[in-house]
Amino acid sequence: MSNTILVGSQWGDEGKGKIIDVLTGGVDIVVRSQGGNNAGHTIVDGDKKYVLHLIPSGILRKGKVCVIGNGVVIDPVALVGEIKGLRARGIKVDAKNLLISDCAHLVMPYHRSIDERREELKGKNKIGTTKRGIGPAYGDKVARTGLRMADLIRPEVFKQKLALRIRENNAVLKALGGKPVSGAKVLADYVAAAKLLKPFVINTATYLHKAMAAKKEILFEGAQGTFLDIDHGTYPFVTSSNTTSGGACTGSGIAPNRIDRVIGVVKAYTTRVGEGPLPTEEDVIGDMLHGMGREFGATTGRARRCGWFDAVATRYATMVNGVDDLAITNLDGLDGVKKILICTGYRIDGKGPVLDTPPTDAGELARCRPIYTSMPGWMTPTDTIRKYKDLPLKARQYAEKLAKLSGARLSIVSTGPGREQTIHL
């Protein structure tokens, strides 16, 4: 029996969905433990492409059980849409292969409206939220005023609690200059969603502990990335949950001493969606990748900001996550780059001592200038290579350099979106 956490070691969008999908072949259960439908995992299976937002990537594999844990915030209407979309494509989704925590909090329409209005009022200081209501939903959770799946599946309880929440949040929306939400419409839409979702809802913490006792293999699927963590990320340009490995424990009910392995996923370069500092950002690499049709957000469709690999950031991510093994994705994205840069340190405003740890203040991080070392590119396609020894020597040297600088074992190298484009060391 083995419990593995997979996390993003950058700013999200590292290709976790593909790596999770590959690893799912060797596990019994896949658990999503934080975030909401602000995240998107893209899976390519042959000529088929799937974009998942709330349902764990394991749903595409037969015989696997997927769990949406207590740490996730769920938009029930969006989840129903995702389930119906998968079923329409011939994917089995029922109460035998998808389980939902009764403790998971709900994302409500007023959360989305508040999220959008707050972002609009920030103007040029906006965070870059997806406007899916994730932050306000987590805010209600922490304020102990949130609604949960356990409420949703009990219509009379939900109706009573919803009336109060509509009243309070419409007052907030009025103060923000937004439009009120119709309580009757919310009730109708969410009660309809509850009818479909009720068979899926259980105490998932108990289920997972019984599964461990039965020696089941469990994979914990992280959403977003380390530097979007509410505590350890580039605050306030972060998401509203703990995207680091500790979030997998609190978001599922599994104790830290039951975790056996942590895998960190990184791209062979760096990207981020939304606002906030990105020290190695360079138009030259962004223009190249966008020109190749790469690096557009799975959830928003926005062009991702791109930069060179940031070893300062990934080294810190290895530390806070306890990363054992490194999975490098998108190596093929650099196949045509003659000279590849790697950031090994920062200087604030390009002056003073060299920093080997990212500043915790976003303003200071924005002032950091990268110190680069360079490596020669391999200038040949890697997307058809299936064995590590067959990769160009310079590509292997680059991958091994990234692992050494990050402080983790090199475990996986991905050279494309397909399952078969995955090299295990």
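The values are calculated or read from the model by the stated rules, or taken from the named source; none is laboratory data. Just so you know, these numbers come straight off a predicted model, no measurement behind them. Methodologically, a virtual Cβ is constructed for each residue, glycine included, from the backbone with ideal geometry; neighbour enumeration extends over all protein chains shown.
Quick notes
- Among (1) surrounded by 14 or more Cβ atoms within 10 Å (Cβ to Cβ); (2) in contact with a helix residue (DSSP H, G or I) (Cβ under 6 Å, 6 or more places away or on another chain); (3) of a type in the set (A, V, I, L, M) - the single one V157 does not satisfy: (1)
- From the list V67, V73, V93, V80, the one residue that fits, being part of a helix (DSSP H, G or I) and among the aliphatic types (A, V, I, L, M), is V80.
- Members of segment 219-244 found to be among the β-branched types (V, I, T) and under 20 Å from H53 (Cα atoms), listed by number: T226, I230, V238, T239, T243, T244
- Candidates are the residues of segment 44-57 that are at pLDDT below 90 and surrounded by fewer than 24 Cβ atoms within 10 Å (Cβ to Cβ); the one that is nearest to L79 (Cα to Cα) is V51.
- When segment 1-26 is limited to residues that are among the aliphatic types (A, V, I, L, M) and assigned to a helix (DSSP H, G or I), the one that is surrounded by the fewest Cβ atoms within 10 Å (Cβ to Cβ) turns out to be V22.
- Within segment 276-297, residues that are over 29 Å from I230 (Cα atoms) have Cβ atoms under 8 Å from residues that are surrounded by fewer than 16 Cβ atoms within 10 Å (Cβ to Cβ) in these pairs: M288/G336, counting only partners at least 6 apart in sequence or on another chain.
- Taken over segment 250-279, the criterion of being out of contact with any Cys (no Cβ under 6 Å at 6 or more places or on another chain) and among the hydroxyl-bearing types (S, T, Y) is satisfied by T250, S252, Y269, T270.
- Criterion applied to V181, V186, V172 was being in contact (Cβ under 8 Å) with a residue 12 or more places away in the chain and in contact with a Ser or Thr (Cβ under 8 Å, 6 or more places away or on another chain), and the one residue passing it is V181.
- Residue within segment 63-75 that is among the acidic types (D, E), surrounded by fewer than 24 Cβ atoms within 10 Å (Cβ to Cβ) and over 25 Å from L402 (Cβ atoms) present: no
- Boolean, A403 is small (G, A, S), in a helix (DSSP H, G or I), closer than 17 Å to Y316 by Cα and assigned by TED's automatic domain parsing to the domain that holds Y316: yes
- Members of segment 352-406 that are farther than 21 Å from I263 by Cβ, within 25 Å of the chain's Cα centre (by Cα) and of a type in the set (G, A, S): A362, G363, A366
- K179 being over 19 Å from Q160 (Cβ atoms) and more than 29 Å from the chain's Cα centre (by Cα): yes
- Considering (1) surrounded by 17 or more Cβ atoms within 10 Å (Cβ to Cβ); (2) on the phi > 0 side of the Ramachandran plot; (3) touching a Lys or Arg at 6+ places or on another chain (Cβ under 8 Å); (4) small (G, A, S), the lone condition that G333 does not fulfil carries the number (2).
- Extreme residue, surrounded by the most Cβ atoms within 10 Å (Cβ to Cβ), among residues of segment 366-400 that are β-branched (V, I, T) and not in a loop (DSSP other than H, G, I, E, B): I371
- Taking the conditions (1) assigned to a helix (DSSP H, G or I); (2) surrounded by 23 or more Cβ atoms within 10 Å (Cβ to Cβ); (3) of a type outside the set (G, A, S); (4) in contact with an Asp or Glu (Cβ under 9 Å, 6 or more places away or on another chain) in turn, P199 satisfies each one other than (2).
- From I127, I166, residue being in a loop (DSSP other than H, G, I, E, B), more than 17 Å from I74 (Cα to Cα) and not assigned by TED's automatic domain parsing to the domain that holds G276: I127
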